[in-house]
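Notes follow the structure.
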Amino acid sequence: MPFIRLTKIEKRRVFSLLACLLLAIAAWLFMALNNKYEYVAKTVLVFKNTPTKRAFYPLQSDTIDLRVEGTGWQLLFARLRISPPSVNVNLSQLNTKDFIVFSDQLYNINKQLESSQKVISVKPDTLYFDFTKRMVKRVPVKLIDKLSFEKQYGISSEIILNPKYVKVAGPKEELDKIKFWPTDTLKLDKVQNSSTTRVGLQHSIHKNVSIYPSSVEVKLPVDEFTEKTIEVPLKIINNRNYNSIKLYPKKVKVTFLVALSNFDQVDESFITATIDADEWLNLKHRQFTVKITEFPDYCKLVSVMPSKIDFIVEK
């Protein structure tokens, strides 16, 4: 394909045309950016002159939308986050009211902005506050977890939370409903080693209820588990008539998984196996069912042999 060859005069004309076009675009852009526009700028509230004799709690977010009138240049800079980082709000009206109206404070808000900018309105226009008497309650932390372990691994002892209790502040009627405070879900996969991590606490669904601290330290003791079998003597319960009951056998073999670090510590004193005399007295069963009523929290029961016990009652 042949190239278009221009003479020097034609090249000069093309360059002049392009220069005029660029100058026209620049002039139009300059004029457009000098025009007035409305735009929304998000900013953070800073409370000033708070009432000294009334405890309060804001029922809204501390971020508001300012509808600002300004030039196109200011709109461009606002998009680049060049805007007031915060706005001071006078709370002196809370000495007599339970709310603050921004339209009453537009003059003071405008004084905090650039002189060429003008705040037209604020969203929300009204801030509401809770003046209910606030109390502080200490509640236990409840760990919410979703853990999966490598084969033969598991939690070997008590999970340690630090702190175990947190302080919750709010109205008494709300605090009476709170018995514990849950954490965010701790998700770990294929765990095979002990670890320490920090987990946040779930946010309050009530704006007038706050919690401190906002996170806890979680220590997960993890170990490899192995199988162990011990003989446990049977204990008779509900023998209210003091009958002489002979059991056959008198002991059962309990098989369970135990962490290697606890293997030598766990013996028959950690486990209680019972049979209920009411099975014979009231239900007329011919065999007793073995029930494990006490068992280490961090061991995993595998089997009880035998699970049914023959017996003779001597009158």
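The values are calculated or read from the model by the stated rules, or taken from the named source; none is laboratory data. None of these values were measured; they are calculated from a predicted model. Quick reminder, even Gly has a Cβ in these numbers, built from the backbone with ideal geometry, and neighbours come from all protein chains shown.
Just a few scattered comments:
- Any pair with Cβ under 6 angstrom, 6 or more apart, that starts in the range 126-151 at a residue that is within 27 Å of Lys164 (Cβ to Cβ) and modelled with pLDDT of 90 or more and ends at one that is polar (S, T, N, Q) and part of a loop (DSSP other than H, G, I, E, B): Ile144/Thr185; Lys146/Thr185
Yes or no, residue by residue, for (1) loosely packed, with under 14 Cβ neighbours inside 10 Å; (2) more than 30 Å from Thr50 (Cα to Cα); (3) not aliphatic (A, V, I, L, M):
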position: Asp130; (1), (2), (3): no, no, yes
position: Asp145; (1), (2), (3): no, yes, yes
position: Glu150; (1), (2), (3): yes, yes, yes
position: Ile155; (1), (2), (3): no, yes, no
position: Gly170; (1), (2), (3): no, no, yes
position: Ile178; (1), (2), (3): no, no, no
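- Residue check for Glu217: at pLDDT below 95 and assigned to a strand (DSSP E or B): no
- For the range 209-230, the count of residues that are under 30 Å from Ala277 (Cβ atoms), surrounded by 15 or more Cβ atoms within 10 Å (Cβ to Cβ), touching a helix residue (DSSP H, G or I) at 6+ places or on another chain (Cβ under 7 Å) and touching a residue at least 24 places away in the same chain (Cβ under 8 Å) is at least one.
- Residues that are in contact with a helix residue (DSSP H, G or I) (Cβ under 7 Å, 6 or more places away or on another chain) and either touching a residue at least 24 places away in the same chain (Cβ under 8 Å) or not in a strand (DSSP E or B) (or both), drawn from the range 269-302: His285, Phe288, Pro296
- Criterion (of a type in the set (A, V, I, L, M, F, W, C), assigned by TED's automatic domain parsing to the domain that holds Thr126 and at pLDDT 75 or above) met by exactly one of Leu22, Leu94, Leu76: Leu94
- Test: residue in the range 225-234 that is under 33 Å from the mean Cα position of the chain (by Cα) and not in a loop (DSSP other than H, G, I, E, B): yes
- Scanning the range 100-112 for residues being in contact with a Leu (Cβ under 9 Å, 6 or more places away or on another chain) and assigned to a helix (DSSP H, G or I) gives a total of 2.
- Single unsatisfied condition, Asn241 versus (1) outside any strand (DSSP E or B); (2) buried (at least 16 other Cβ atoms within 10 Å of the Cβ); (3) in contact with a helix residue (DSSP H, G or I) (Cβ under 8 Å, 6 or more places away or on another chain): (2)
- Filtering the range 244-267 to residues that are polar (S, T, N, Q) and surrounded by fewer than 16 Cβ atoms within 10 Å (Cβ to Cβ) leaves Ser244, Thr255, Ser261, Gln265.
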